[in-house]
Each structure stands twice: as structure tokens, then as C-alpha cells.
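Undergrad: Before I ask anything, let me first share the structure, which is written out below as C-alpha cells.
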């Protein structure tokens, strides 16, 4: 189930995983950009405008009806943030050709439409169609405002923003409201042309009989110039703890603790950090779940997640406002316990088997099989599932302790209701 | 064991065990992951029932969900720990109609399956551990209180229905869970957790005969109490309870949902037809491929959150349409007009064909997901429908039938609105 690489053009790679295991055929295109204050809003807007219509399917209505006729194929776009890169994502997903009448025709039409969506948009007077631009600019602004509707995501975002206020990582993947409001159509269109011509582009496909894909994709309207070199991720070593409290009308308080670490994806002991994060807070057998939820009964959800490119660990818990100090104390104790080497054989083994199972089950889902490579393309080092599993299996308790010693609390953020007493 | 084939030609084995438990084993060649779901026909709708010797019992809201949480606790510790040693991830959910316990794993499937069957058969409840769970569930409920999607939906069902237990949130309320005791939990457990009221579905690349033997061995030791289940269901009037309900919340922009009460069809092919036909009708009105969506989107009245769906089971049927909007009143008028217009013009047979293609495509694509397959099997089984009949039913739908559902199910006389407004 590994991918085979084909070069499409300068800086455009196609990775194919041919298999008849799935009932679908999935293609995803990733256009990589550096995350900067100047371009974040524009890069977020571009995919939203592109899905409004292409030159030969000029409305979203005609695009949607076309997809429906292709046996309910899906065509779409979004934006992702990995480390300090902002990635435009475009996808096409169809029922596997051998399961439907005229499957090859459906594939050819679907892929041509995906190509149009990315490379051949509806252009008027040398820019995106004005109505689409204005409408999607408004929608993007509302999308960013809507972050407040998910209190947990909002709290995590606020915490990260406080921690990384001087680093690109502090930018939201959809840009900031002020930047969006100032977007001009000419600038966004130029940014689109620049990305299409010079951003690193990686295309992944999973499905049966993919031999036609390289030619189909070469036929898209690529107009490539020189490929951009994107800057590496920034890291910060001088860390001072800060506490931030914010008040909003919420029923449940959200605690977020952002930590820095000393490893990233490219560090030799990165997988020790991954295991350390697992022992701390990824699983129901992890220290945070057992101590904050099961023992102290303080939370329904509590856990930690690792951002591997920048090496950040984010801990979140939904708690009662008055439980703030107790929860922070327990979390500190658990991190300190790991740093002192309090990691049992069971914890280590269960975490490793959990991580390895997670990787093995990715190969059962076309989307995960593709998305797991994002961190690899950003760091310019793709790793096969086998390499990752072997690295995890080799991690020792001492290495986990050492990685844990690099975990430093940076920002302790608390979102609570106006009546919350802390 | 009976062998059936799915539409993608995968072998499906089926048997009803001696104790009444239906078992389905689906082989998925080439898949690493293995998946099992063990479920009981017991959900939040089962809030009132008759117990031999006790008469009619009305239980506190949220008790099925509370019991689901509690089954994870064992005298020897938490069930999560036991699955962790196999690298398996175990979980559960409670809905209106059922409680399901499930896990997925790559290795040690027989061991994990044994564990699943064992822990669901063995409740371990003490006053102390029930109290501790109250604290955890209280935080779960507070989390839902901050979730606008859940709130608008809950308000809508309360506006649509007068007495139907679908008004109750599956997890209950902070107040209602205070009344849950060990005795009540055990009473519910013994009544609803008996093999004939349950089902087991397993999916993966394994030897079905070996797995069936293991299941049978594990079922033999189950010392359940066979009792008749008499559910009590209030008579729900045809009308809606409140035509319009508004609430304020800390959100970025207003949300609008229109709900329509449908006709309850009790089981079998009629229910399946209704489910697909009405969802196709809503797709024709509210999906991105609809001119109505295009018009409302271009006028700035809706965004990508807009959509519609129809939910039906043997005890309820309702539709929901809506999403985020700057102007709930204007959207309300536009949707009502679009529904009236659609009913007047009807859906063309060309469009019905396109909608059928779309539905069939989604059905095929769903076969990639073991979770989806297993849970769909269970839901269909409990509804008295069959997941395997879906393609035949979609293909058999005629434009006339679809239009008849359109007249019956999109009934604005039986509609209610739920609106959330920013503070």
C-alpha cells in the first residue's frame, strides 16, 4: 500500500497507490504556501472562490449537477495548516470505476473537472469573477467569526495565538478578520497565479487502475515558472510561562495548556516525543484521562495532542470553573511524573501498540492514507507507515523520559463564564 | 450459518443464536482493521415501561446513556485498560433507539471480542462509582450546553412534539441525572440487556467460523433474565407544540431550522422507501445541485452550513432544513415558498433518476468504512429494515412514488421553527 512517485512538472509530484481494496477512487491535490500575515487571508479565500465555478462549468450549480451525474462524485476544496505552512487542498472522490456503468468515462470527466477547478477558473477582466470574489470574501469573514461557535476550538486557538504572537504559527489557517476585510481582487488573483506557477504541489491518488492518471494530470493547464523555496519552521527556546484568563458566556470552562518541546518531525528522537505525548494524554489509558477524569471526576474530555512539525503539545480539558486550580495542579503533576521517569511498562507498551494500530488502520481509509503524508511533504521527508511503526516500536522508556524532560509549559489559558470563580 | 452476498460481493454470514441473539459476520478481505458492535434496542425513547411485579415505571431522563457509561467500569478497573493492552480502541454511544458498544482493532481480535461480550454482560455498579460518574456526565452535559448545533436541534424537537420522548436529550439534564440510582440502573439493565433484544455485527478479514464459535462460547455463560419488554408510549398529537421558538446564545450569527413532522411508518420496505425518497426530495431542494440553494446562496441568505435531512424510525419521522443565516424571517419565508413551489411543480422523472444515481453512489462509497457498515447494519436491523435491500429500494423508486411522498411528508401545517440568535 505504498505510493509510487511520478514527476508531473517542476515542483509537481504525483503519488499513486494502486489498489482494488476500496469501493472508491480518491484524488487530493495539495498546494503549499508559507503561512504569512500578508498572504494567509488570500490563500484561504482562493479555494473558496475556485469552487464557485470554472471556465466551462461557470456556476457552483452546474458543477454540483455534474458531480451528481457522475454517480454522486465529490469535488471540493479547503485549507489546512501544517506547521508554518498553509496548504490549499482540492479533492475529487468517486465510486470505483469498475462498480458503475461507464466508470472510465466518469473518471476522465471527473478528473478533467478537478483540473479545471484548480487551473482553469472563471476569469473576467483579468481577475476572478467580481461577484464570486465579494460573496466569498463575506463568507470567509463569517467563517472566521464563527470560530466562537465551537468553544473548545476557540479556546485552543486563543491559547495558540497568545503563545505564538511573534511567530507565523500564531496565524489562523483562514486568516484574520482585519486581513480578510482588506483583501482586494487583484491581489488575490495574483496570489493565485503565483501559487499555481511556483508553489510546491503534491498530488495523491488511491484507487484501482490509476495508469491513466499521470497523462490526465499532465494535461491540466499548468503554467509553471521557478519553484519557490519555502522557509523552514521557526522554533523558540527561551520560554516563560504565562497565564491568560478570558471571560465569555459559557456553561463549561475550557482549560488549554500549550507546551513547547525540544523535538520536531526531523529530530532523530521525534518518535520518543510522540510516545511521550501518547503516555500523557492521547488514550483512555493515558495519565491525563485516568487522573483528571477517572480519579478526580473533573472532566468529560481531557487530552493532549502533538503538532509534530513545530513540536508543540496542547492539552485541553472541559471543566467546571471552580476546578481550575485543581486541574492545573494535576496536569503539572502528571507532566512532572513523566519527567521523573514514572512511566510503567504497561503505559509504554499500550501507548506503542495504540500508536502502531492507529497507523495500520490508516491504510484502510483512502483519505487517511493520503492525509498522513501531509507532515512528510511539509518537512520534505515522506515516511512509509512501516518506517514510522518501526521507529515507534524501537522507542525505550529512557527516551520517553528524556523527551518528556523537554516539555515546557508556555501558555496556560482559561476560558470561563462571567460568574466563574477562580 | 446462512451465507448472503453484499452488493460489492463480500460474504456476509448470519445466524440467530439459541438465546435469540442475531449475529452478522461480514468478511472484508484486505482490511487491516476489524470492527465489532454489540447493541441493544434500548435508547432515550424507552423512558416508560412495564415491569412484572412493579407496574409502570417512568425512569429519569438520560438513564440509558448513564448506564452506557457505567458498563465500562469493572470491579478490576476500567474496561478501557483491558482494550488498551490489545491496541484496540473501545467506545459506545446511545441514541433514541439503541445503545451500542463497539471497538476496532488490528490485532488480538478474538481476545478483544471476548472482552466486549464479557463486559456488556457484567454490570458493576456501586453507589460510589455511580456518584463519580455523575460528575463526569455533568461536564459532558455542560459541554453540550455550549454547542449551538445541539441546542437548536433540541429546541426544534421540543417545538415539534408535545409529549413524545424524542423531546428528551439522549443524555438527560444535570437535574435529571441526580435521580439515577444503582437500583434503577440495574432494573433497566436486566430488562433491556437480554440477547433477544440485542444484536452483534462483526466485520473484518478473518475466519467467520472461528469467530462464530467464539461468540457462541461467550454467549453460553451469560446468565441473563428473560423478561417480556412492554414499552409505554404516549399518544402524540399530529399538531406541533410550538410553531416558533427562539433562544439567545453566544454565537457569531443567527441560525434557523425548520422542522416538519412526518408520517410514522413502522417497519420494512415502506420505511426504507420513505427514508430514501424523502431524503432525495430534500436533496433536490437543499443540496448545492439545487437551483433553490444557488438562489439563496447568491442572495447571501445562506452559506455552506445550509442543508436538509429526514430521519425516520418505527417510532418517529421528521425533517429538518436550515442553517446559519443573517435573517431568519426572510429565510423562513423563502423556504416555505420553495416548498410550496416544489409541491406545485413536482419533481421530474429526469431529476429522480439523477437523485437515484447520487444515492446509489453514496451507498457504494460507504462500503469503505467498517464503522459505517457495522452501525448501519444494526440501525436497519432494529428498524425492521435491511441494509442489503437499500440498492433495490432506491432502484425501484418511481417519480410518482417520490412525488406522493413529497405531498405527504413536506407538510407545512405540521412544521415548527427553532431559531438561535446572538446575544
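The values are calculated or read from the model by the stated rules, or taken from the named source; none is laboratory data. From a predicted model like this one, the values you see are computed outputs, not experimental measurements. Cβ coordinates were reconstructed from backbone atoms using ideal geometry, including for glycine residues, and neighbour counts include every protein chain displayed.
Undergrad: Go through region B:231-331 and tell me which strands (runs of 3 or more DSSP E), entirely inside it, have 2 or more residues that are within 29 Å of residue A:250 (Cβ to Cβ), touching a helix residue (DSSP H, G or I) at 6+ places or on another chain (Cβ under 8 Å) and away from chain A (no Cβ under 14 Å).
TA: It comes to B:244-249, B:255-261, B:316-324.
Undergrad: Could you tell me which residue of region B:366-423 is surrounded by the most Cβ atoms within 10 Å (Cβ to Cβ), considering only residues that are in contact with a strand residue (DSSP E or B) (Cβ under 9 Å, 6 or more places away or on another chain) and assigned to a loop (DSSP other than H, G, I, E, B)?
TA: B:410
Undergrad: Please pick out the residue among B:20, B:62, B:77, B:53 that is surrounded by fewer than 21 Cβ atoms within 10 Å (Cβ to Cβ), touching a residue at least 12 places away in the same chain (Cβ under 8 Å), assigned by TED's automatic domain parsing to the domain that holds residue B:98 and at positive phi.
TA: B:20
Undergrad: Just the residues that are assigned to a helix (DSSP H, G or I) and closer than 17 Å to residue B:78 by Cβ, please, taken from region B:122-133.
TA: B:128, B:129, B:130, B:131, B:132, B:133 - these are the residues of region B:122-133 that are assigned to a helix (DSSP H, G or I) and closer than 17 Å to residue B:78 by Cβ.
Undergrad: Now for a separate question. In region B:333-365, which residue that is within 14 Å of another protein chain (Cβ to nearest Cβ) and farther than 20 Å from residue B:272 by Cβ is surrounded by the fewest Cβ atoms within 10 Å (Cβ to Cβ)?
TA: B:350
Undergrad: So residue A:411 fits all but one of (1) more than 13 Å from chain B (Cβ to nearest Cβ); (2) modelled with pLDDT of 95 or more; (3) surrounded by fewer than 20 Cβ atoms within 10 Å (Cβ to Cβ); (4) in contact with a strand residue (DSSP E or B) (Cβ under 9 Å, 6 or more places away or on another chain); what number is the exception?
TA: Answer for residue A:411: the failing condition is (3).
Undergrad: Right, something else. More than 18 Å from residue B:368 (Cα to Cα), part of a strand (DSSP E or B) and more than 14 Å from every other protein chain (Cβ to nearest Cβ): is that true of residue A:87 in this structure?
TA: yes
Undergrad: Just a yes or no: is a residue in region A:91-98 more than 10 Å from every other protein chain (Cβ to nearest Cβ) and under 20 Å from the mean Cα position of the chain (by Cα)?
TA: Within region A:91-98, one or more residues are more than 10 Å from every other protein chain (Cβ to nearest Cβ) and under 20 Å from the mean Cα position of the chain (by Cα).
Undergrad: Now, a different point. Would you check if residue A:205 is at pLDDT 95 or above, in contact with a strand residue (DSSP E or B) (Cβ under 8 Å, 6 or more places away or on another chain), over 30 Å from residue B:421 (Cα atoms) and not in a strand (DSSP E or B)?
TA: No; evaluated as a whole, the condition is false for this residue.
Undergrad: Just one of A:104, A:181 is more than 26 Å from the chain's Cα centre (by Cα), surrounded by fewer than 16 Cβ atoms within 10 Å (Cβ to Cβ), over 30 Å from residue A:237 (Cα atoms) and away from chain B (no Cβ under 14 Å); which is it?
TA: A:104 is the lone residue from the list that is more than 26 Å from the chain's Cα centre (by Cα), surrounded by fewer than 16 Cβ atoms within 10 Å (Cβ to Cβ), over 30 Å from residue A:237 (Cα atoms) and away from chain B (no Cβ under 14 Å).
Undergrad: Residues in region B:11-32 that are out of contact with any helix residue (DSSP H, G or I) (no Cβ under 7 Å at 6 or more places or on another chain), in a loop (DSSP other than H, G, I, E, B) and more than 10 Å from chain A (Cβ to nearest Cβ): how many?
TA: Count: 1.
Undergrad: Against the condition away from chain B (no Cβ under 13 Å) and in contact with a strand residue (DSSP E or B) (Cβ under 8 Å, 6 or more places away or on another chain), how does residue A:51 come out, does it pass?
TA: In short, no.
Undergrad: Among the residues in region B:320-341, are any outside the structural domain of residue B:26 (by TED's automatic domain parsing), touching a strand residue (DSSP E or B) at 6+ places or on another chain (Cβ under 9 Å) and within 30 Å of residue A:366 (Cα to Cα)?
TA: Within region B:320-341, one or more residues are outside the structural domain of residue B:26 (by TED's automatic domain parsing), touching a strand residue (DSSP E or B) at 6+ places or on another chain (Cβ under 9 Å) and within 30 Å of residue A:366 (Cα to Cα).
Undergrad: Still on this structure, I have one more. Condition first: farther than 14 Å from residue B:117 by Cβ, more than 10 Å from chain A (Cβ to nearest Cβ) and assigned to a loop (DSSP other than H, G, I, E, B). Now tell me which residues in region B:69-99 satisfy that.
TA: Of everything in region B:69-99, those that are farther than 14 Å from residue B:117 by Cβ, more than 10 Å from chain A (Cβ to nearest Cβ) and assigned to a loop (DSSP other than H, G, I, E, B) turn out to be B:75, B:76, B:95, B:96, B:97, B:98.
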